[in-house]
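A.B. asks: What follows is a single structure, and I will ask about it in a moment.
Derivation of every value follows stated rules applied to the coordinates shown; laboratory data play no part. A quick note: this is a predicted structure, and the numbers were derived from the prediction, not measured. All Cβ positions, glycine included, derive from the backbone under ideal geometry; neighbour counts span all protein chains shown.
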Amino acid sequence: MPIELLTLKNLAAFRRFSEAAWDRPKSEAYYRWRYFDAPGLITVMANQGDQCVASISAFSRTYCNGDETAECLEPFDWYCLPATRGSGVGVRLLKTLMDTGRPLLTLGGSAETLRIIPRLGWKTVGEATEFFLPLTGNYLLRNRALPDYWKRVLTPSLDLATATWFTPARPNGVRNCVVLPVSGMDHDLARIDGPAGFRSVPDPRFFEWLMKGSPATGSYLLIVLTVDGEAAAWITGRLHRSRGLLHGTVLDLRLKRNDEKLAKNAIRHMARALAGFGADEVRAVATADFYSSVYRKSGFLAAREKIPVLVWAGRHRLSTDHIYLTGTADGAIFPLQDSLQYRETRREPLQQTRRLCSRANITASPGRDFLD
Ligand SMILES: CC(C)(COP(=O)(O)OP(=O)(O)OC[C@H]1O[C@@H](n2cnc3c(N)ncnc32)[C@H](O)[C@@H]1OP(=O)(O)O)[C@@H](O)C(=O)NCCC(=O)NCCS
């Protein structure tokens, strides 16, 4: 079964495979954005005759720790059509990535993934905790099979309860801190890449790619915190609609120094901004104790089930004692919005950011490059 890189030449076969595998947008624009415009993305596919039967994608990203750097791959979208499963083709695809000699990193995976990859030499080097902040009654009732009447009766009091208990805490404690929502990341900002530990090097092209994205992925927000006039931290977030709820996610938070007050401020500002957009919940994933503690202190609840951090280091020696993995890879684009949402609506109106940020109590300073 030949294995090849996805290019414009074999795109037609790949599109047939993708449409059989996933409920995703089918437009040219989506395929161009998702597979060809994404910085550092590779997609490998396995063919049977002129049919593609399996594929895997990976973001290529530089990781660093002190002076050490490593070009790593973050695999995702590993999928074989059901008729081909168990034939060894899935493992061959993953091995194609492993044979590049680059280390591979991932956060959790399906039951099959967690069963298969330890046998291929992958190691669990840590665990991630998922944090969430419920913001509405709608969110609390999401898994309850209640008649609509009861939902209508219960939602207002649950809205009140979430507003009392879980309203994102007011940011405080950092002197001379100004908070700015900005429309793009530049190289100066990307140099703010803390905390210390094994982490990816921020790439402004990645955020630019997200901002240009398809309506299927939702909307993105970047907030910068300056202290005494100098950028000291930045935080990115996402809003997407899925299963009738508006989900807010904190994607990445980077700090000039490991300053707990600054981290708390950034998280609270982002949570308030996402709440201002009407999010039913705010989610975040933390692999480092420093961040777990900051989310807890910002009122987030921790999910009980942990997510393993899995690494295949190959011949590399990676110092992964303090590993910092975030939702910046496929976690930044998945899950997609409900298909009805992306067919029928345009992107969330980020142009209204100034108004929404002011509702969310973010100081918007004039003269900066605002989203509107
Ligand atoms: C996960 C998935 C991509 C794996 O693909 P697959 O083609 O079914 O897997 P393979 O046939 O290559 O490998 C399966 C078996 O062969 C074994 N195997 C094959 N080659 C191997 C090798 N070189 N070394 C060790 N084990 C090997 C695997 O360990 C596994 O063992 P099993 O017989 O006990 O099941 C596929 O099952 C799938 O599409 N699942 C649904 C989507 C999904 O869960 N994707 C992962 C998202 S994180």
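A.B. asks: Between Ser87 and Ser27, 0.36 nm times their residue separation minus their Cα-Cα distance comes to what?
C.D. replies: Additional length available on full extension: 18.5 nm.
A.B. asks: Straight-line reach only, C-alpha to C-alpha below 24 angstrom: list the lysines that Lys123 could link to, leaving out same-chain residues fewer than 8 apart.
C.D. replies: Lys95, Lys306
A.B. asks: Between rounded, prolate and oblate, where does the stretch 3-99 land on the alpha carbon gyration tensor, with a ≥ b ≥ c its root eigenvalues, rounded for a/c under 1.5, else prolate if a/b exceeds b/c?
C.D. replies: oblate
A.B. asks: Same structure again: For n ≥ 4 DSSP H runs only, could you compute -39500 (n - 2.57) per run for the chain, divide by its residues and tell me the 222 nm figure to the nearest 500?
C.D. replies: -8000 deg cm²/dmol
A.B. asks: Enumerate the lysines that Lys212 could reach by cross-link, defined here as Cα to Cα under 30 Å, with residues fewer than 8 away along the same chain left out.
C.D. replies: Hits, sequence-local ones excluded: Lys9, Lys26, Lys256, Lys264.
A.B. asks: 7 Å from Cα along Cα→Cβ at both Arg296 and Ser60: what's the point-to-point distance in nm?
C.D. replies: Output for this residue pair reads 4.0 nm.
A.B. asks: Positive end of the dipole of the chain, charges at C-beta (+1 Lys, Arg; -1 Asp, Glu), about the Cα centre: which of Leu336, Phe166, Thr129 has its Cα farthest in that direction?
C.D. replies: Phe166
A.B. asks: With both bridge residues required to lie in the chain, what share of the DSSP beta bridges run antiparallel, to the nearest 5%?
C.D. replies: Of those bridges, close to 90 percent are antiparallel.
A.B. asks: Hey, another quick one. Just to be sure I understand: of the beta bridges DSSP finds with both ends in the stretch 1-157, what percent are antiparallel, rounded to 5?
C.D. replies: If we restrict to bridges inside the stretch 1-157, about 95 percent are antiparallel.
A.B. asks: Net charge near Arg243: determine it from the other residues with C-beta under 9 Å of the C-beta of Arg243, scoring Lys and Arg +1 and Asp and Glu -1.
C.D. replies: +1
A.B. asks: Evaluate E = 1/(1 + (r/R0)^6) for Ala12 and Arg175, where r is the Cβ-Cβ distance and R0 equals 45 Å; express this FRET efficiency to the nearest 0.05.
C.D. replies: 0.15
A.B. asks: While we're here: Where a Cα-Cα gap under 16 Å defines reach, which lysines qualify for Lys151, not counting those fewer than 8 residues away within the same chain?
C.D. replies: By straight Cα distance, Lys151 reaches no lysines at all.
A.B. asks: Can you give the three extents of the C-alpha atoms in the chain along their principal axes, from longest to shortest, in whole Å?
C.D. replies: Largest first, the chain extends 59, 57, 40 Å along its Cα principal axes.
A.B. asks: If each residue of separation counts as 0.36 nm, what is the full-extension length gain between Gln51 and Arg243 once their alpha-carbon separation is subtracted?
C.D. replies: Extending this stretch completely gives an extra 65.9 nm.
A.B. asks: Let me ask something else. Kindly list the residues of the stretch 73-101 that lie in the label zone of Glu305, defined by a backbone N under 19 Å from the point 7 Å along the Cα-to-C-beta vector.
C.D. replies: 77-78
A.B. asks: With only alpha-carbon atoms counted, please give the Rg and Dmax of the stretch 161-284, in Å.
C.D. replies: Rg and Dmax of the stretch 161-284, Cα atoms, are 14.5, 43 Å.
A.B. asks: Roughly how large, in nm² to one decimal, is the mean projection of the convex hull of the alpha-carbon atoms in the stretch 225-276?
C.D. replies: 3.9
A.B. asks: Still on this model: Roughly how compact is the stretch 134-217, stated as its Cα Rg over 2.2 N^0.38 Å to two decimals?
C.D. replies: 1.69
A.B. asks: I've got another one for you. Report the calculated FRET efficiency for Val201 and Ala161 (r = Cβ-Cβ distance, R0 = 35 Å), to the nearest 0.05.
C.D. replies: Efficiency, rounded to the nearest 0.05: 0.25.
A.B. asks: Let me ask something else. Determine the sum of side-chain charges near Arg170: Lys and Arg each +1, Asp and Glu each -1, restricted to other residues whose C-beta is under 10 angstrom from that of Arg170.
C.D. replies: Within the 10 Å Cβ shell, the charges total +2.
A.B. asks: Just subtract the alpha-carbon distance of Glu68 and Ala145 from 0.36 nm times their residue separation and send over the number in nm, one decimal.
C.D. replies: This chain segment gains 22.6 nm when fully extended.
A.B. asks: Hey, got the dipole for the chain? About the Cα centre, +1 on K and R Cβ, -1 on D and E Cβ, debye to the nearest 20?
C.D. replies: Here the size comes out at about 660 debye.
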